[in-house]
Amino acid sequence: SNYCAPSGLISDAHCDFETVERINTDISPKLHELIKTDFFKYYKLNLFKECPFWTENGQCMNRACSVETMNKSDVPEIYKSDVLGALHTSPAGLLFRPFEKCEFTDRDFCVVEDENDVEGVFVNLQDNPERFTGYAGPSAGRVWKSIYEENCFNVAQRLDPSRKNKLTSSLSVCKNQLSNIMLGHDQTDYGNDNDEVCFEKRVYYRLISGLHSSISIHICDEYLNQTTGEWGPNLDCFTSRIGSHPERIQNIYFDYVILLRAISKMSHYLKEYEFCAGGDKNEDLRIKDMVTELVNAVTSCPRTFNEKLMFASEDSRLLKEEFKNRFRNVSRIMDCVGCDKCRLWGKLQITGIGTALKILFSYDDEYLDPHVNSNLLTRTEIVALFNTFNRFSESISAIERFRRLYRESMKVQ
Ligand code: FAD
């Protein structure tokens, strides 16, 4: 049955499904409490950037698509850009803003929200849960298709000289495969054809597919029954979108494993980080204790992923650059999502995954010493990382709940 608990090793990872579920049972209540705190629930982002790739006119007008933004007066002073600006003022003077024109630094795997952006708005993530919004159809399909198309790497093929001349044709095959999936002509997802697909490219695909699965699970878990007006889990939705595709389930666990490994690698830094919650020192300490407890639980787990196997060959510098650029493009594609609420969570989660990738692939272990390098991550990145981790954690809990619902539904028949 499709609803057997998955077991055995998660492919491309160093960890099995059972371990992830055990870790998640321990971690999820801690994570859930942490993201309710002021430090983790206020997120600043620009929701109004234009779609840089096409004219997007599929704006979702449903109430469920809208985002409740915060009044400036409700935002703790410490997070406002004028205060942040003051904190970050360089000794070179107020006019010195080296990265102002830059959307990302060389190490970033995504376009990181600029905390000083005057067009940025604050949202309380707790007031804007990711769930069913009704956003669907060609606009949503086009965004997913474009995101998967970023997986058509050039460099992977270029690395193997015997395939050099096949570059154009393999790219068009790649795009054709994608079109078939999007049109529903193909039962298997793109990326299952592991032959000839290099590890890095598979990782890229699995991260995206896992995010897609996770978003679908939240839609099905908090589904609006349009007849009764009630919100609740929808087993049919889960069965058709996720339950009947074991690969899609596995990819959620894969994202989880990557996020877990990134937090584990960053553990010393995170334990030393100053979490300012807006003036209340006791609250700051409470958050610090919660983070420490969570990070200790994460580091007590066995290593879940070996990042040193990625970009390991001598000529993989170009591949790493392309991987980074394609991931950055995904964050730009998120500006094309025609539903504000979906865009908010899409952008946040790509930032969360991008932050994990930056931790894993841009910093050597020695570099992570908080006393030597205290500004490795911005508040935006830390908030995105933990909220994204929480979303995947909730997906894994939801998979277990849907499994129980399925068993109950079988008994009734
Ligand atoms: P889609 O989910 O649109 O998928 C398109 C095609 O991709 C499928 O036909 C299938 O072939 C393939 N596919 C599906 N899942 C996977 C997978 N895991 N791995 C590989 N291939 C796959 N809607 C909401 O209600 N709430 C939200 O918060 C929300 N957030 C969104 C965020 C983003 C960034 C985007 C692009 C869309 C979001 N949507 C949201 C819309 C939602 O994701 C779906 O697009 C919509 O519900 C229509 O679903 P669908 O069944 O037609 O297939």
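Assorted remarks:
- Amide H contacts under 5 Å for VAL121, placed H, 5+ residues apart: LEU45, ASN46, LEU47
- Each of GLU33, GLU314 has its accessible area taken with a 1.4 Å probe; listed largest first, they run GLU314, GLU33.
- Residues THR292 and GLU314, FRET efficiency given R0 of 41 Å [Cβ-Cβ distance, rounded to 0.05]: 0.55
- Our analysis of region 303-413 gives Rg over Rh at 1.10, with the two radii drawn from alpha carbon positions and Rh computed by the Kirkwood formula.
- Cα centroid separation - region 386-407 against region 229-272, whole Å: 7 Å
- Projecting the Cα positions of LEU207, MET266, GLY243 onto the charge dipole of region 187-304 (unit charges on Cβ atoms of Lys, Arg, Asp and Glu, taken about the Cα centre) puts MET266 furthest along the positive direction.
- In this structure, the amide hydrogen of ASP16, modeled 1.01 Å from its nitrogen in the peptide plane, lies closer than 5 angstrom to those of ILE10, counting only residues at least 5 positions away or on a different chain.
- From phi via Karplus (6.51, -1.76, 1.60), per-residue ³J(HN,Hα) for region 61-77 in Hz, x at Gly/Pro: 9, 4, 4, 5, 7, 7, 10, 7, 8, 8, 5, 4, 5, 8, 7, x, 3
- Using θ = phi - 60° in the Karplus curve 6.51 cos²θ - 1.76 cosθ + 1.60, the 3J(HN,Hα) couplings for region 19-30 round to 5, 4, 5, 5, 4, 5, 4, 6, 7, 4, x, 5 Hz; x is entered for Gly and Pro.
- Using a probe of 1.4 Å on the protein chains alone, the accessible area found for LEU34 is around 0 Å².
- Between ASP26 and ASP364, the contour length at 0.36 nm per residue exceeds the Cα-Cα span by 118.8 nm.
- Here's how it looks for TYR223: its modeled amide H is under 5 Å from those of GLY232, ASN234, which are all 5 or more places away or on a different chain.
- Using C-alpha pairs below 8 Å separated by at least 6 residues, the relative contact order for region 278-399 is 21 percent.
- Positive dipole terminus of region 203-284, leading residue within ILE217, TYR256, TRP231 (C-beta point charges): TYR256
- Pair GLU272, GLU68: separation of 7 Å Cα→Cβ label points (nm): 3.9 nm
- Take LYS36: with every protein chain present and a 1.4 Å probe, its accessible area is about 90 Å².
- Normalised by 2.2 N^0.38 Å, where N is the number of residues, the alpha-carbon radius of gyration of region 291-331 equals 1.69.
- Overall form of region 227-386 per C-alpha gyration tensor (a/c, 1.5; a/b vs b/c): oblate
- Whole-Hz ³J(HN,Hα) from phi, Karplus 6.51 cos²θ - 1.76 cosθ + 1.60, for region 406-413, glycine and proline x: 5, 4, 4, 5, 6, 5, 5, 5
- Two-site label geometry, ASN124 and ASN225: point separation in nm, points 7 Å out along Cα→Cβ: 2.9 nm
The values are calculated or read from the model by the stated rules, or taken from the named source; none is laboratory data. Only a predicted model underlies this, so the values are computations on that prediction, with no experimental measurement involved. So basically every Cβ, Gly included, is an ideal-geometry build from the backbone, and we count neighbours across all protein chains shown. Surface accessibility is based on the protein's heavy atoms, side chains included, excluding ligands, DNA and RNA. Shrake-Rupley method; radii C 1.70, N 1.55, O 1.52, S 1.80 Å.
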